[in-house]
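Report on one structure; see the data block that follows.
The values are calculated or read from the model by the stated rules, or taken from the named source; none is laboratory data. Computed from a predicted model, the values in this text were never measured in an experiment. Reconstructed Cβ throughout: ideal geometry from the backbone, glycine too, with neighbour counts over all protein chains shown. The accessibility values were calculated without ligands, DNA or RNA, using every heavy atom of the protein model including side chains. Shrake-Rupley method; radii C 1.70, N 1.55, O 1.52, S 1.80 Å.
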Amino acid sequence: MNKISKIRVASVLALAWTSFAGAATITPPGAGGAPIPFSAVGPATVSKGGVDVDCNAVFSGTVDGAGNILITSASFKGIPVCRMIKASATVAAPWVGRVTALNQLAITGVTVNVNTPILGGQCGPSQVAGQISDNGVDATVIGLAGAPLAGGCSISANLTTTPYMHVTP
């Protein structure tokens, strides 16, 4: 193999390794990549059987050193029916969010129990797809747009995180 061919092969391998090793992730702002707590708050709509319930969602948890979002608490607030939507996220069984591509987020284990008389029931566990983006300075937004859950539910949300998290390509 001549020198130019070796350089081309090395370049292709380096590019492939960089693409694989540099997969998009969340950079926690903790010192040395230490896990940090976060909250994500904003408007959310939970739908069950075609009925929409508009609430305010409050998710909290940590971002670990590998860039995974561990949602250990999720609640819905607002009108009385919002308090009847119970999320399954706990420290022992967190919902786990991973960046799958730049600005794309997959959250596994999402389960909610809608405790209403007519349309009640469990939805999930499901993996939901969403978006995550940051403005490069101080705002990170997690967006879900009609993400379906097993059991006839869906969830939409526009949640802003505190503290700011950087999505790296």
Gained length - residue 90 relative to residue 73, 0.36 nm times residue gap less alpha-carbon distance
5.6 nm
One finds, for residue 160 and residue 66 with R0 = 25 angstrom and r their Cβ-Cβ distance, a FRET efficiency to the nearest 0.05 of 0.65
Surrounding net charge for residue 80, when Lys and Arg each add one and Asp and Glu each subtract one, Cβ distance under 15 Å
+2
Rg to Rh ratio, the stretch 25-136, alpha-carbon atoms and Kirkwood radius?
1.00
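Might you tell me the accessible area per residue for the stretch 94-159, computed with a 1.4 Å probe and given in Å²?
Details: 2940 Å² over 66 residues.
Per-residue accessible area for the stretch 94-159 comes out at 45 Å².
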Quick one: Kirkwood hydrodynamic radius for the stretch 80-135, alpha-carbon pairs, angstrom, one decimal?
12.6 Å
